[in-house]
Amino acid sequence: MTKLSVKHLLDIESLTRQDILTIIDTADNYANGHVSLDKLSRRIILNTFFENSTRTRLSFEMAAKKLGAQVMNMAVESSSVKKGESMLDTLQTLNAMRPDALVIRHREHGTQEFAASIMDCPVINAGEGSRAHPTQALLDALTIKRALGRLENFTIAICGDIAHSRVARSNIVLLQKLGGIKIHVIAPASLAPNADEFENIETFTSLEEGLVGCDIVMMLRIQKERMDGEDVPDDAAYFQQLGLTEDRLALANPNAYVMHPGPMNRDVEIAASIADMEERSLIPQQVANGVFTRMAVQELLINGQ
Ligand code: NCD
């Protein structure tokens with residue numbers, strides 16, 4: 001049986017390059033229709049989303065059910081967390097029920113790692129503040145591999161609110177672990193990552209400069225909910241300055257693909273016409289590949305125990 005080097009999926013940093021390739025290959029196989037429906041039968045997976053989510057929660061649930069698992073969703077809003085129960089007590093309670101995996105989204109950095117220290121089962125990070133979103137980076141890599149036919153020798157632009165984006169962080173770490181990929185980070189100064197956070201990336205403040213030579217253009221949402229007391233940019237001004245328009249996309253390589261993790265704000269970071277361009281937009285493929293990637297992650301971690 002294929003195994004990963006880790007018990008939990010907490011971030012991309014803790015995966016080996018081989019782990020990343022194993023997950024992508026397994027997911028690629030699922031995407032090609034090689035699915036065995038009972039790989040997780042009699043398993044029960046607990047979804048705990050302490051932050052809003054549409055596609056990620058449904059994608060984890062869809063993935064688990066496609067492999068025959070049963071899924072329980074903790075209703076955080078009506079849970080004892082709202083009565084002041086501590087995270088420690090909540091996790092100990094969940095652990096005592098002996099689920100086969102815990103999927104957790106929480107805005108506070110370190111919560112997923114804390115959960116892994118309490119739970120006996122694998123813990124899967126489904127989004128952690130602005131720090132990590134490992135399954136998103138893995139599904140993005142699968143999507144690039146299937147679109148370009150390779151996972152090396154290409155240039156990607158990651159554009160928008162990088163400072164608050166766990167998607168950008170996990171993607172950059174993953175692409176750097178793979179190697180052989182050029183990364184352009186495009187953000188206005190106020191939304192750029194700290195200068196010393198990443199090595200070997202090229203940073204730009206305009207799409208006009210940063211899109212030149214790119215094969216993949218990944219647009220990100222302004223994470224207003226993570227901007228405490230900061231100046232939130234005005235939507236129309238942002239689109240003027242940093243929105244992906246057809247004219248700007250024409251500066252990238254011919255046939256460059258556009259990606260967005262969703263939820264997208266049309267005509268803020270991306271023109272509606274581009275979001276709907278069937279031949280250029282990989283956005284529906286990202287959602288589809290999200291299910292295959294989460295099938296791979298849940299199956300490898302649960303059955304690899
Ligand atoms: C992202 C997230 O929640 O981190 N969405 C997602 O998981 N597909 C990105 C975002 O919130 O903008």
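The values are calculated or read from the model by the stated rules, or taken from the named source; none is laboratory data. All figures in this text were calculated on a predicted structure; none of them were measured in a lab. Neighbour counts are summed over all protein chains in view; Cβ atoms, including those assigned to glycine, are modelled from backbone coordinates with ideal geometry.
Under the condition of being of a type in the set (A, V, I, L, M) and surrounded by fewer than 19 Cβ atoms within 10 Å (Cβ to Cβ), the residues counted in segment 12-56 number 4. Which of the residues belonging to segment 84-118 are of a type outside the set (Ser, Thr, Tyr) and farther than 21 Å from Ile302 by Cα? Those that are of a type outside the set (Ser, Thr, Tyr) and farther than 21 Å from Ile302 by Cα: Gly84, Glu85, Met87, Leu88, Asp89, His106, Arg107, Glu108, His109, Gly110. Residues that are touching a His at 6+ places or on another chain (Cβ under 6 Å) and in contact (Cβ under 8 Å) with a residue 60 or more places away in the chain number at least 2 in the following strands (runs of 3 or more DSSP E) confined to segment 92-165: 123-128. Scanning segment 145-169 for residues that are within 16 Å of the ligand (Cβ to nearest atom) and farther than 20 Å from Ala195 by Cβ turns up just one, Val167. Among the residues here, Arg55 qualifies as under 13 Å from Arg294 (Cα atoms), among the basic types (Lys, Arg) and in contact (Cβ under 8 Å) with a residue 12 or more places away in the chain.
For Gly68, the criteria (1) modelled with pLDDT of 95 or more; (2) touching a Ser or Thr at 6+ places or on another chain (Cβ under 8 Å); (3) surrounded by 16 or more Cβ atoms within 10 Å (Cβ to Cβ) hold in every case but one, which is (3). Of the residues making up segment 183-200, none is at pLDDT 95 or above, charged (D, E, K, R) and either more than 23 Å from Val232 (Cβ to Cβ) or not in a strand (DSSP E or B) (or both).
The criterion of at least 2 residues that are surrounded by 15 or more Cβ atoms within 10 Å (Cβ to Cβ) and within 16 Å of the ligand (Cβ to nearest atom) is met by the following helices (runs of 4 or more DSSP H) wholly inside segment 228-305: 235-242, 283-303. Residue pairs whose Cβ atoms lie under 6 Å apart, separated by 6 or more positions or on different chains, with the first residue in segment 71-86 and at pLDDT 80 or above and the second of a type in the set (A, V, I, L, M) and surrounded by 12 or more Cβ atoms within 10 Å (Cβ to Cβ), are Val71/Ile45; Val71/Ala64; Met72/Leu46. Considering Val76, Val6, the condition of being surrounded by fewer than 19 Cβ atoms within 10 Å (Cβ to Cβ) and in contact with a Phe, Trp or Tyr (Cβ under 7 Å, 6 or more places away or on another chain) is satisfied by Val76 alone. Only one entry in Ala163, Ala126 is at pLDDT 95 or above and either buried (at least 19 other Cβ atoms within 10 Å of the Cβ) or in contact with an Asp or Glu (Cβ under 6 Å, 6 or more places away or on another chain) (or both), namely Ala126.
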